Amino acid sequence: MTGEMMGKEIETAARMLRRSRKAIALTGAGAGTESGIPDFRGKNGLWSRFDPFEYGTLGAFRQNPEKVWHMLRELLPFADCGPNKGHLAMAGLEELGLLRGVITQNIDGLHQKAGSRCVIEFHGNFFTFTCPKCGTREPLSRVRQMTMPPRCLVCADILKPDVIFFDEQIAPRVLLETESLVHEADLLLVAGTSCEVAPASFIPAQVLRQGGVVVEINLAPVLREVAAVSIAGGFSTTMEKLLLRVAKEPL
């Protein structure tokens, strides 16, 4: 995409955001890569080194939590990553009253660090850990001080991060919050996600069915056939440009 064409697409997207009344966003791994967090499915991602069926399922964790923690411990340093300009831009859209909330498939907490207030963590997060046996919950700060794999201070069972494994159901509360946000949306901003993982992948179709529009920002757009605007660009730079253009649009 040429710079001129991209500029026109951003201008169109900005105009649509200004005209919308109930815009929401859906983000994925592409939002975090520019903060230094590798895409799990990418060339050097976790799943290139750890078989997701051996390390990424709840069944695998229950059967051999020590083994799964060999993979999980590699995620600990990424908790220190900071938000990029894309996260800050999304928080800026919310501050302007143009974005009602963000549904993120990421577990990195970067939207909250950037200042976004309404964030639904569809796949949980890596900042709290729960004991499968007694339910005791520990924060990341305490888990980092423990010998790996971290064990519950109450019953000594191995702690599980509050993330959703592949064969694990999305929490009912999260599904209800998501449905409430999506149900009234008139615009969905899809950024940094290929929309391949269900059930989050169904969100664009739901917004379209109820008469809303989809605006996409991806390095390699995947929703061109259904999106009103598909912008081929990185999350950080494109979101920053979009926020600047939105600020210039008349109310």
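Bear in mind these aren't lab numbers, they're just calculated from the coordinates by the rules spelled out. Source: prediction; values computed, not measured. Heads up, the Cβs are rebuilt from the backbone with ideal geometry, glycines too, and the neighbour counts pull from every protein chain shown.
Observations, loosely collected:
- Computed E for SER141/ARG62 - FRET, C-beta separation, R0 25 angstrom, nearest 0.05: 0.45
- Exposure proxy ranking, count of Cβ atoms within 10 Å, fewest first, for ILE170, ILE107, ILE120: ILE170, ILE120, ILE107
- Ordering MET5, MET16 by the number of other Cβ atoms within 10 Å of each residue's own Cβ, fewest first, gives MET5, MET16.
- The chain: calculated mean residue ellipticity at 222 nm from DSSP helix runs of at least 4, using -39500 (n - 2.57): -10000 deg cm²/dmol
- Listed pairs LYS160/LYS241; LYS85/LYS133; LYS113/LYS241; LYS22/LYS133; LYS43/LYS248 exceeding 31 Å between Cα atoms: LYS160/LYS241; LYS85/LYS133; LYS22/LYS133; LYS43/LYS248
- DSSP beta bridge pairing in the chain, given as percent antiparallel to the nearest 5: 25 percent
- Summing charges over all other residues whose Cβ lies under 14 Å from the Cβ of LEU175, with Lys and Arg as +1 and Asp and Glu as -1, gives -3.
- Each of THR147, GLY135, ILE170 was scored by the projection of its Cα onto the charge dipole of the stretch 124-181, and the greatest displacement toward the positive side belongs to THR147; charges sit on the C-beta of Lys, Arg, Asp and Glu.
- In a simple Cβ point-charge model (Lys, Arg +1; Asp, Glu -1; nothing else charged), the stretch 1-153 has a dipole of about 440 debye relative to its Cα centre.
- Modelled spin-label separation between ARG41 and ALA171, with each label point placed 7 Å from Cα along the Cα-to-Cβ direction: 2.4 nm.
- Ranked SER201, SER230, criterion: other C-beta atoms within 10 Å, fewest first: SER201, SER230
- Alpha carbon centroid spacing (whole Å) that separates the stretch 184-251 from the stretch 37-97: 22 Å
- Farthest positive-ward along the stretch 107-251 dipole, Cα basis, beta-carbon charges - from VAL214, ALA198, THR237: THR237
- Using the Cβ-Cβ distance between LEU153 and ARG49 with R0 set to 25 Å, the FRET efficiency works out to roughly 0.20.
- Relative to its Kirkwood radius, the Cα radius of gyration of the stretch 189-235 gives an Rg/Rh of 0.94.
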